[in-house]
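Sharing a structure here in structure tokens format.
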């Protein structure tokens, strides 16, 4: 029964230490706690072996030596913890060297048997006669213990009234509990010749250790919310540890127990040991293979997929996703974060491309605007002179009809040149917009009335799908009329023999949308990206200047909107204008 208590206590102790350590492996306080737990686990293992399997005089010496040394090491771990908690500060090396210096003499003395004159079992009862050096050893252990308690008390007074103060206070209570129980079991009772509690002395530390862990984890050790959080993010170290422990326990139950029974059921002779070793070696391969498969599933395969996805991104495959089952550990969180990062990277790069294209177009417009101002100035001056001469000649008498016709043709072409230079000047001129709140449907209707004065436009079948109750926008009405009128006349030019033009207006989440969809000749895909460039036109020579859509683009973008070209199935083109709400 005592062995079972030792085993259960040992498993609980190791599990608790592992849980605290993995909760924050980089914390010096958690590292020191794990070290303390490791020493305590050695103490329990030592007691379990000695008191249950080696009740002989020759084993008592090593038990006592190990007990003295482990007790001292546990106090050293407690002092280091007192130095680093809760600030996470570094261990003061000089102070530690001075405080721990006596161990250089005491530890070798313990292993050399200088702490007792006699140790062993007398008529079935354990007995030990200590030397003065042993009492000095014990006094030094208690001095280190009291020193650690004093450091923690000073921190408690500094942090009193805070969360850290409550944690340090709880740890002080754990020291009081463990110190009292260990003193009773290891000193008081043995002083009166009673060694009955020595086999259970390590178990007396467990209540204090639980309080110790409870305080380190910020009083969340037994919290339901903490347990749920651990299920939401289950560290991979827990998974590996549980996998190894599960395989070890199952392999012991499934393989080792039957092997021991089959090998030694007729006695522990040489043949029995040979059977045991052969079957143990063979069956050991199975749990090892299972462990390899579990580690590959938990670690290797997900990391390999993340690595391949990262390599794909470095080669330009922005937006690449890690294709793996979602898990609630660090690798699952890493994969999810990688996918989100890759998605955002692809979106950002696409946005940068659009911004770059817009910047290039804006730079073109700026360059063409500067050029247009100069060209218009240089052309208009001689053009005005030519126009004056033509007007004088037309007023003179004696010209033949043919000459008058030619003069009229010259005047018409001069007006055409003036129109071109006027467009260029409008493109170059930066004039303040007279913006006001307006209904975009009214502006479209005005543009349609102006367009209907054109005979060619009257051949077109016009379909209106204007949304009712659209939000108002803030814009320059004249400039928007110029945009809409230009789009209407472009649709006219795309359908010289007539066709259908559908005008729609509606709203989305943040803007009013207008669509001008015709069923004309359309625009080839390879040319669609250039239609807003200055001086680019798909019309025949002499039919267009290539400035209309460039001016439209400048007006719409200046209003914070956008203008796009799309194909209209089965034929034709759709110009979509978006203008933000007022």
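The values are calculated or read from the model by the stated rules, or taken from the named source; none is laboratory data. None of the values given here were measured: they were computed from a predicted structure. Note that we place each Cβ from the backbone using ideal geometry, even for glycine, and neighbour counts take in every protein chain shown.
Residues 231, 255: which one is at pLDDT 80 or above and part of a helix (DSSP H, G or I)? Before the answer, list the steps.
Working: 231 fails: at pLDDT 80 or above.
Within the list 231, 255, the selection yields 255.
Taking the stretch 48-94, which residues are touching a strand residue (DSSP E or B) at 6+ places or on another chain (Cβ under 7 Å) and modelled with pLDDT of 85 or more?
The answer is 64, and nothing else.
Checking the conditions here, which among 311, 360 is surrounded by fewer than 17 Cβ atoms within 10 Å (Cβ to Cβ), assigned to a helix (DSSP H, G or I) and modelled with pLDDT of 75 or more?
Details: 360 fails: modelled with pLDDT of 75 or more.
None of the others qualify; the one that does is 311.
Still on this structure, I have one more. Residues that are under 19 Å from residue 183 (Cβ atoms), at least 3 per element: which helices (runs of 4 or more DSSP H) completely within the stretch 90-168 meet that?
Numbers: elements: 93-100, 103-111, 132-159.
Helices (runs of 4 or more DSSP H) meeting the threshold: 132-159.
Given the residues 341, 345, which is the only one that is surrounded by 14 or more Cβ atoms within 10 Å (Cβ to Cβ), touching a helix residue (DSSP H, G or I) at 6+ places or on another chain (Cβ under 9 Å) and assigned to a helix (DSSP H, G or I)? Write out each step before concluding.
Values: 341 fails: surrounded by 14 or more Cβ atoms within 10 Å (Cβ to Cβ).
Of 341, 345, the one residue that is surrounded by 14 or more Cβ atoms within 10 Å (Cβ to Cβ), touching a helix residue (DSSP H, G or I) at 6+ places or on another chain (Cβ under 9 Å) and assigned to a helix (DSSP H, G or I) is 345.
Among 353, 395, 431, which is exposed (fewer than 11 other Cβ atoms within 10 Å of the Cβ), modelled with pLDDT under 80, out of contact with any helix residue (DSSP H, G or I) (no Cβ under 7 Å at 6 or more places or on another chain) and more than 28 Å from residue 477 (Cα to Cα)?
One residue alone meets the criteria, 395.
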